Amino acid sequence: MREVTRPAEASNYQTVSHWFDLASERLGLADDVAAVLRSPYREVTVQLPIMRGDGRIHLFTGFRVQHNGARGPYKGGIRFHPEVDLDEVRALAELMTWKTALVGVPFGGAKGGVNVTPAELTPGERQQVTRSFMDKIEKVLGPTRDIPAPDVGTDAQTMAWLMDEYGKLHGHTPAIVTGKPIALEGSYGREAATGRGVVHCFTQAAAGLGLDPASTRFVVQGFGNVGSWAARILQDIGATMVGVSDASGAIASDAGLDAHALQEYLAHGGRLPEFAGAESIPAGELLSLECELFVPAALGGMIHRENADLLRCRMIVEGANGPTTPAADEILTDKGVMIVPDLLANAGGVVVSYFEWVQNQQHFRWDETEVNRKLERVMHRAYAEVSARAEAGGDCLRVAAFALGVERVLEAARTRGYIG
Ligand code: GLU
């Protein structure tokens, strides 16, 4: 079941195009330069036939899009989701290009995906899809070429299979993927990093609005990796979760929902709508819960023209990629809702991916405190740069973030001699 239906307007591709065009206008980019920056460097589409337990061959399609490598090796997650297609992966790859530039990690942007529903596969079948995908794209990957990571529908276990498969062909190469399990040279703090980055953005934005975390009520749409970590860390700093959803439904409670207990309950097979002490509500009602902070951490395009007006929050911090369509963004901005955009808000994941890659190059490990301290420093710096840029140009945070990202990629491309 999907949480909220998404109209055609909600494609990530249209959303990213819209913001890129605005940023390129701000930067005064010539059409030919903008066209080069927008278009992907390489797109790979592969066939993944898998023999399943029912004795039939099921055919999936895998994609890897390398958008721009001017600033370093391509970097971005791999998504397993039935709605994955080339346009979606292309848009997400482009977002990675601006995101890595914005937070100043020396990577380009990429994304991968397979149009599979992971929950419908046995663990053995998931492993087969994952290894087969690696076999088919390994020629364009490498620790100095393109480094995948987890995204929607994939996790540390998926990364372990990818690393192992790559290792069979090239020898043990931990830096080929990030987001690995701790037992296989993964980084401490990587699993929580995207959610932690969301919270850093919240605290920075809250300070600007004079909002105290202890009196902040928040709602999380999507209790996956990003949403559940953001919720747990927000709770740890004193905020109260008053609503949350996942693919099975939504729940609310004025008195607050315990994010740690919910995580435990779901990990042991519980269903979110039946979580004790909470009221089960229709998924559509989640958006209209009164709160200070709304964290979209599900799929792209979930907040759109037809439902944006329902939101009753002061601030949105985008844990997901592309959750707010341009039309929704305009409605919300007019209502005075502050939006911390995906590019900045969910960059904590790729920042700690960078730390993992650095540790892997040295076969060395930092402790969690050190990783978290370094992450905080990067997020605070990026937040300060985006808000200063927004203020100077009279822009919203999103246009400022895109403009900063695009500007840095352009500078690298020019310096290399790719663009005159
Ligand atoms: N999938 C995450 C993102 O969208 C992380 C990517 C990475 O760590 O390379 O930012």
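Based solely on its DSSP helices, what 222 nm [θ] is calculated for the chain when runs of n ≥ 4 H residues each add -39,500 (n - 2.57) and the sum is averaged over all residues, nearest 500 deg cm²/dmol?
Result for the chain: -14500 deg cm²/dmol, rounded to the nearest 500.
How would you rank V317, V65, V105, going from fewest to most other Cβ atoms within 10 Å of each one's own Cβ?
Exposure proxy ranking, most exposed first: V105, V65, V317.
Using Cα pairs under 8 angstrom and six or more residues apart, how large is the relative contact order of the chain, in percent?
It rounds to 18 percent for the chain.
Label 7 Å along Cα→Cβ of R373; segment 183-223 residues with amide nitrogen under 17 Å?
Answer for segment 183-223: 188-190.
To make sure I understand, if each residue's beta carbon is the centre and we count other beta carbons within 10 Å, what order do F275, F133 fall in, fewest to most?
F275, F133
For the chain, set up a Gaussian network in which alpha carbons nearer than 10 Å are linked by springs, and say which option among T154, T45, T122 fluctuates the most.
Greatest mean-square fluctuation among the candidates belongs to T122.
So what is the relative contact order for segment 259-355, in percent, with contacts set as C-alpha pairs under 8 Å and at least six apart?
22 percent
Given an 8 Å cut-off on Cα distances and at least 6 residues of separation, report the relative contact order of segment 15-139 as a percent.
For segment 15-139, the relative contact order is 25 percent.
Hey, in the GNM for the chain with a 10 angstrom Cα cutoff, which one of G53, G319, G224 fluctuates hardest?
Taking springs between Cα atoms under 10 Å, the residue moving most is G53.
Between S248 and L209, what length comes free when the chain is fully extended (0.36 nm per residue of separation minus the Cα-Cα distance, one decimal in nm)?
10.7 nm
State the answer as a single residue: which of G301, A156, L344 lies farthest towards the positive end of the charge dipole of the chain, with beta carbon charges of +1 for Lys and Arg and -1 for Asp and Glu, about the Cα centre.
The one lying farthest along the dipole's positive direction is A156.
Does segment 5-148 come out rounded, prolate or oblate, given a ≥ b ≥ c as the square roots of the eigenvalues of its C-alpha gyration tensor, rounded meaning a/c under 1.5 and, failing that, prolate meaning a/b above b/c?
It comes out prolate by the Cα gyration axes.
Magnitude of the Cβ-charge dipole of segment 88-245, K/R +1 and D/E -1, about the Cα centre, nearest 20 debye?
200 debye
Counting other beta carbons within 10 Å of each Cβ, put I137, I237 in order, fewest first.
I237, I137
What shape does segment 53-102 take by its C-alpha gyration tensor, where a ≥ b ≥ c are the square roots of the eigenvalues and a/c under 1.5 counts as rounded, a/b above b/c as prolate, and the rest as oblate?
Prolate shape, in that a/c is at least 1.5 and a/b is the bigger ratio.
According to a simple spin-label model (label point 7 Å from Cα along Cα-to-Cβ), what is the distance in nm between T173 and A35?
That separation, rounded to one decimal, is 3.5 nm.
Just subtract the alpha-carbon distance of Q263 and D236 from 0.36 nm times their residue separation and send over the number in nm, one decimal.
Full extension from Q263 to D236 adds 8.3 nm.
Points 7 angstrom from Cα along the Cβ direction at D21 and A392: gap in nanometres?
Spacing of the two 7 Å Cα→Cβ label points: 2.7 nm.
How far apart, in nm, are two points set 7 Å out from the Cα along the Cα-to-Cβ line at R271 and at E290?
3.1 nm
Would you list which lysines come within 17 Å of K335, measuring only between C-alpha atoms, while excluding same-chain residues fewer than 8 positions from it?
none
Which of A183, A412, C201 sits farthest toward the positive end of the charge dipole of the chain, with +1 on the Cβ of Lys and Arg and -1 on the Cβ of Asp and Glu?
Result: A412.
Every read-out reported here was derived from the displayed coordinates using simple, explicitly stated rules and does not represent laboratory data. Note that the structure is a prediction, hence the values are computed from the model and not measured. When we count neighbours, we look across all protein chains shown, and the Cβ atoms used for this are built from the backbone with ideal geometry, even at glycine.
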